[in-house]
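The block underneath contains the structure these notes are about, expressed in structure tokens.
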């Protein structure tokens, strides 16, 4: 069951803050990656390239965790457990360009590799803990 989203999640996701995404690797161990985040009002969005480790992990096991730290106050943060409820390539190119504007003030995502396929992962928060 999804948890009510605290206001701090909305506030932090509106800023260009990095989250640390934890996925479960094929050997059962944790794999953590800093990621850009987006929020649509109920789901947290992550955008990455197909076939990266986190992509493979999230396709295999839908359970994830996120840690989001307020860059203006390190004692204000969110720890979230969630599950992937949608994986889509639909709109992912336009989404990463919007994220590049938010994080880099660039109109287009500048780090795309030739042939890269972008993917959006939509995460439903299941358990959310906040501080600050």
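As a summary of the residue check, residue 121 satisfies the conditions (1) surrounded by 18 or more Cβ atoms within 10 Å (Cβ to Cβ); (2) out of contact with any helix residue (DSSP H, G or I) (no Cβ under 6 Å at 6 or more places or on another chain) except for the one numbered (2). Within region 55-79, the set of residues being within 17 Å of residue 27 (Cβ to Cβ), surrounded by 21 or more Cβ atoms within 10 Å (Cβ to Cβ) and under 13 Å from the mean Cα position of the chain (by Cα) comprises 58, 64. Among the residues of region 34-65, the ones that are in a strand (DSSP E or B) and under 20 Å from residue 97 (Cα atoms) come to 11 in all.
Listed by first and then second residue, the pairs linking a residue in region 13-32 that is on the phi < 0 side of the Ramachandran plot and in contact (Cβ under 8 Å) with a residue 12 or more places away in the chain to a residue that is in a loop (DSSP other than H, G, I, E, B) and exposed (fewer than 13 other Cβ atoms within 10 Å of the Cβ), with Cβ atoms under 8 Å apart and 6 or more places separating them unless they lie on different chains, are 15/71; 17/71. Restricting attention to region 14-35 and to residues that are out of contact with any strand residue (DSSP E or B) (no Cβ under 7 Å at 6 or more places or on another chain) and closer than 20 Å to residue 57 by Cα, the residue that is surrounded by the most Cβ atoms within 10 Å (Cβ to Cβ) turns out to be 26. Taken over region 57-78, residues that are more than 18 Å from residue 12 (Cα to Cα) and either in contact (Cβ under 8 Å) with a residue 60 or more places away in the chain or out of contact with any strand residue (DSSP E or B) (no Cβ under 9 Å at 6 or more places or on another chain) (or both) amount to 1.
A count restricted to region 71-92 and to residues that are under 19 Å from residue 59 (Cβ atoms) and not in a loop (DSSP other than H, G, I, E, B) stands at 9.
No value in this document is a laboratory result; all are computed from the given coordinates. This one's a predicted model, so the numbers in the text were calculated from it and none came from an experiment. Backbone-built Cβ (ideal geometry, glycine too); neighbour counts: all protein chains shown.
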